[in-house]
Amino acid sequence: MISASRCLLCLALTVSTCAADVPKPAVPDRLATGFNAIRVEALRADVTFLASDALDGRLSLQRGDEVAAQWVCAEFAKAGLQPLVDGSYLQSVPLIEYSGDRASSYVGLSRGGAQKQWSFPHVSGGFKDDVDLTAPLVFAGFGITAPELGYDDYAGLDVRGKIVLLFDHEPQETDPKSIFNGTGNTRYATGRVKLLNAQAHGAAGVLLVGEPNRQHPSNQERVAKIGGSAKRSVPIGTQVIDDDTLRIPLLTVSDVIAQELLATSGDTPAQLQTAIDRDLKPQSRPLPDTIVSLRLRNASRRRGTTINVLGLLPGSDPSLAAETIIISAHHDHDGASSSTEIYHGADDNASGTAGVVALAHAFAQNPVRPKRSILFAVFAAEERGLLGAFWLAAHPLRPLATTRAMINFDMIGRNEEASEQTNGLIEIPADTSNRLNLIGAYYSPDYARIVAEENRRVGLILDDRFDHENALNVFFRSDQFPFVLKNIPAFWFFTGFHPDYHHVTDTADRLNYAKMAKIVQLSYLTAWRFTDDPTTPRFVESPRGQ
């Protein structure tokens, strides 16, 4: 369990961020107009609109979400932001939505003349196209190639045209001294990165299983614990980017299936993981007499287009204006199953959307303009897999090479509370009414230091617990992550989970607007540092491997 006592104050950041009796330094006069423009009343009004019944839960590819995006567009226009897409604030994001046919889809095993098949719930996931694939199975450990860490599960392994079986997460995740960010996650821990790596090595498909010696729920078990929209009466279709870089299917399989698939490996799944964890020596190998078939069918499939909303505040310094700071959130949520079952998404993520809009107005109203440019981005389809953020990262409107930092808001409106999802996994402080979780310091200590310095003027308690846990997959669950993959210093500002997360009860009346205003004010001051400081935060690609 991750202790609640960790905060950025305790991580060798020499700035006091938590002492209530320390006088707060004044906000510089040149920034005060914008700082004072961030008001509780405006945040409350904007969240109340975005989370209202009229927007019907803002499900991607549905009318309510389009209304939310158009509202953001209008607010960017009022703030005088510059449109970037042929005179428009809207960037189209082409999607495919599909619903798998569970009755007709399965994973099959052929061994010694015998045939077996498994389907849902032992198999989950799908693919945008129908799939008929039969190929030998190869075990490829955790599916990680990390040359900067001297670790490669694919070294000497031929997976071309084959299906690979992978463990989820990373080696040694219970070891605080592990080169894989101790007990936290690195970029290698997520399924998308594993899938892209398998694809780059020539694999035809991927089966993913929770690591056998795990001390936390598997992804399937974690999602089930959320409840709410995960168990809605009318399931949501899967959405993916049309013509994404992912070209091969990934399915998640149960421990029972993995045990049988690895029966000819010479070791049990637990023994394989133990051997890898012991000395970081890969245990990858072909699996004799193991032919696997993937058959996937879709009951429905359609194309659609959603929209990112993007507006630019040009920098005032000709020598720095080409450099970009991104301030972001996402406008979508989980929609509605009926007129009485609306997933309002007030905290997730009307709060973040309102925060970005508030900052756009604050910077616009301030008489002094920042030296570097700020791109305000409110992404589409985050709930469907960070799709709008991945799209912008792949189709940037400003060069990523000169993008210096990113502030991402996702759920900045509540007090963190225990819930079924977090019980037994995260220790939550007794009082979270003034606490902000920051996610991403592993890759940019400079960024963490700047936030802590500016927090002296605001007085929040800053907490980094989620950078040191591996049970909830928090690091790659919001829109900063696609930009971390592009080596951009990017933090997720997050007030934590609560029992209303992804439930119909996530409503506007439950937010702590006073704390939310402080978070937006801290972000305003932090963004000014990013825009005006002579140097910007460094991205440290492999902190433990250096």
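Here are the numbers for this structure:
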item	result
Enumeration of residues in the stretch 190-247 that are among the hydroxyl-bearing types (Ser, Thr, Tyr) and either assigned to a helix (DSSP H, G or I) or farther than 27 Å from ALA418 by Cα (or both)	SER229, THR238, THR245
Subset of the stretch 378-390 [in contact with a His (Cβ under 9 Å, 6 or more places away or on another chain) and outside any helix (DSSP H, G or I)]	VAL378, PHE379, ALA380, ALA381, GLU382, GLU383, LEU386
Exclusive hit being hydrophobic (A, V, I, L, M, F, W, C), more than 16 Å from THR252 (Cβ to Cβ) and not assigned by TED's automatic domain parsing to the domain that holds GLN421, set LEU165, LEU196, LEU207	LEU196
Hey, GLY156 surrounded by fewer than 18 Cβ atoms within 10 Å (Cβ to Cβ) and either in contact with a Lys or Arg (Cβ under 6 Å, 6 or more places away or on another chain) or modelled with pLDDT under 95 (or both) or not	no
The stretch 422-467: number of residues that are of a type in the set (Asp, Glu), under 22 Å from PRO28 (Cα atoms) and under 22 Å from the mean Cα position of the chain (by Cα)	1
Residues (surrounded by fewer than 24 Cβ atoms within 10 Å (Cβ to Cβ) and in a helix (DSSP H, G or I)) located in the stretch 485-518	ALA508, ASP509, ARG510, TYR513, ALA514, LYS515, ALA517, LYS518
Set HIS361, HIS344, HIS331: member being within 21 Å of PHE409 (Cα to Cα), surrounded by fewer than 24 Cβ atoms within 10 Å (Cβ to Cβ) and modelled with pLDDT of 95 or more	HIS361
Residue list for the stretch 391-402, restricted to those being touching a strand residue (DSSP E or B) at 6+ places or on another chain (Cβ under 7 Å) and not in a loop (DSSP other than H, G, I, E, B)	TRP391, LEU392, THR402
The stretch 248-262 - residue that is outside any strand (DSSP E or B) and among the aliphatic types (A, V, I, L, M) and, of those, farthest from GLY57 (Cα to Cα)	LEU262
Residue list for the stretch 97-109, restricted to those being surrounded by 15 or more Cβ atoms within 10 Å (Cβ to Cβ) and either of a type in the set (S, T, N, Q) or more than 25 Å from the chain's Cα centre (by Cα) (or both)	SER99, ARG102, SER105, TYR106, VAL107, GLY108, LEU109
Options SER293, SER265; residue that is surrounded by 17 or more Cβ atoms within 10 Å (Cβ to Cβ) and part of a loop (DSSP other than H, G, I, E, B)	SER265
Qualifying positions in the stretch 311-368 - part of a helix (DSSP H, G or I) and more than 30 Å from TYR501 (Cα to Cα)	PHE363, ALA364, GLN365
Any hit, the stretch 414-431, residues being closer than 28 Å to GLN82 by Cβ and surrounded by 19 or more Cβ atoms within 10 Å (Cβ to Cβ)	no
Residues located in the stretch 47-85, provided they are in a helix (DSSP H, G or I), over 24 Å from ALA364 (Cβ atoms) and not small (Gly, Ala, Ser)	ASP53, LEU55, ARG63, ASP65, GLU66
Some residue of the stretch 437-457 being free of Cβ contacts under 8 Å to residues at least 60 places away in the same chain and surrounded by fewer than 22 Cβ atoms within 10 Å (Cβ to Cβ)	no
Filtered residues of the stretch 114-140 (kept if free of Cβ contacts under 8 Å to residues at least 40 places away in the same chain and of a type in the set (Gly, Ala, Ser))	ALA114, SER119
Elements of type strands (runs of 3 or more DSSP E) contained in the stretch 102-183, each with 3 or more residues being of a type outside the set (Val, Ile, Thr) and closer than 21 Å to ARG222 by Cβ	123-126, 163-167
Candidates VAL93, VAL47 - the one that is of a type in the set (Val, Ile, Thr) and more than 30 Å from LEU246 (Cβ to Cβ)	VAL47
Criterion (assigned by TED's automatic domain parsing to the domain that holds ARG111, modelled with pLDDT under 95 and within 22 Å of ILE257 (Cα to Cα)) met by exactly one of GLU170, GLU221, GLU148	GLU221
Yes/no for GLY227 being at positive phi, at pLDDT 95 or above and small (Gly, Ala, Ser)	no
Residue pairs meeting the criteria (Cβ under 7 Å; at least 6 apart or on separate chains; first over 19 Å from ILE163 (Cβ atoms) and modelled with pLDDT under 95, in the stretch 101-113; second in a loop (DSSP other than H, G, I, E, B) and polar (S, T, N, Q))	ARG102/SER119
Residue check, ALA393 under 18 Å from the mean Cα position of the chain (by Cα) and surrounded by 24 or more Cβ atoms within 10 Å (Cβ to Cβ)	no
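The values are calculated or read from the model by the stated rules, or taken from the named source; none is laboratory data. Treat the numbers as computed from the prediction; the structure is a model and nothing was measured. Neighbour counts are summed over all protein chains in view; Cβ atoms, including those assigned to glycine, are modelled from backbone coordinates with ideal geometry.
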